[in-house]
Amino acid sequence: MDTSVFRHMSYGVYIVSTMDGERPTGCIANSIMQVTSSPATVAVSINHDNYTNGCIGKTGKFAFSILAEDSDAGLIGNFGFRSGRDADKFRSVDYEMVQGMPVVKHTCGYVVCRVVDRMETSTHTVFLGEVLDGVVYGDMGDAMTYAYYHKVVKGKSPKNAPTYLPEGDGGTDGTDAAAGNGQGKDAGQEKYVCQVCGYVHEGPLPEGFRCPVCGVGTDKFKPAE
């Protein structure tokens, strides 16, 4: 099976959030869909290995913030490439509490849900959530799509994302995905790839440079092949 076909499906990029006791936590997800309109119900798929999964199970509620194209790309690195087990992801994030759930500002908006059912797969839990609240922040650009993230932000999926494809598994990710989107190695053009999030930097790496997506230093970059 050519699993790269899944890259042609439509996805957004979201921060799914909940509470870990008294502490906010969350992760990046791209598999969220509205299931019904009345009562408004959504489904979100979260990997079993994500710390957020267990926290949603204990709390019984979750929220998701819809990333915009002009949202800080560092949000993806913060929530997508670090674990809530050992990192306070909300420490430096501008957020507010709604219905007891943390929601991230400088996004397109948020939805807060109460878990009403769940389905287990071999790797992910699909939580069904009845919508309790939702707001549109009016000062942001268009919603970020998964395709935009790959083509413009030039990042790859976190390994726990439903859309993650290991290199060579019927599709591409990271360096190869960037190359397929016109960001590959051109003659005479120096390029470096972040080994954590897949961001592609064009040109020499400046002294003190840090990845704009996940924040790692130049020691985590390798020349594009």
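The values are calculated or read from the model by the stated rules, or taken from the named source; none is laboratory data. Bear in mind the structure is a predicted one, so any value in this text is a computation, not a measurement. Positions of Cβ are backbone-derived with ideal geometry, glycine not excepted, and every protein chain shown enters the neighbour counts. When the accessible area is computed, the model is the full protein with side chains, heavy atoms only, and any ligands, DNA or RNA have been set aside. Shrake-Rupley method; radii C 1.70, N 1.55, O 1.52, S 1.80 Å.
The ratio of the alpha-carbon radius of gyration of segment 42-119 to the globular-protein estimate 2.2 N^0.38 Å is 1.09. Computed over segment 84-146, the percent of Cα pairs more than 14 Å apart is 69. Using bins of 10 Å that start at zero, the share of Cα-Cα pairs per bin across segment 1-155 amounts to 11, 43, 37, 9, 0, in whole %. From the cross-link list Lys151/Lys191; Lys61/Lys89; Lys151/Lys222; Lys191/Lys220; Lys105/Lys220; Lys61/Lys105, which pairs have alpha carbons spaced over 24 Å apart? In this structure, Lys105/Lys220 lie more than 24 Å apart at Cα. When you count the other C-beta atoms within 10 angstrom of each residue and take the mean per peptide, 89-97, 192-200 line up highest first as 192-200, 89-97. Ser31 contributes about 30 Å² of solvent-accessible surface, heavy atoms of the protein only, 1.4 Å probe.
Each of Arg91 and Gln195 was given a label point 7 Å from its Cα along the Cα-to-Cβ line. The distance between the two points is 2.5 nm. Note that segment 18-158 presents 45 Å² accessible area per residue, ligands and nucleic acids not counted, probe 1.4 Å.
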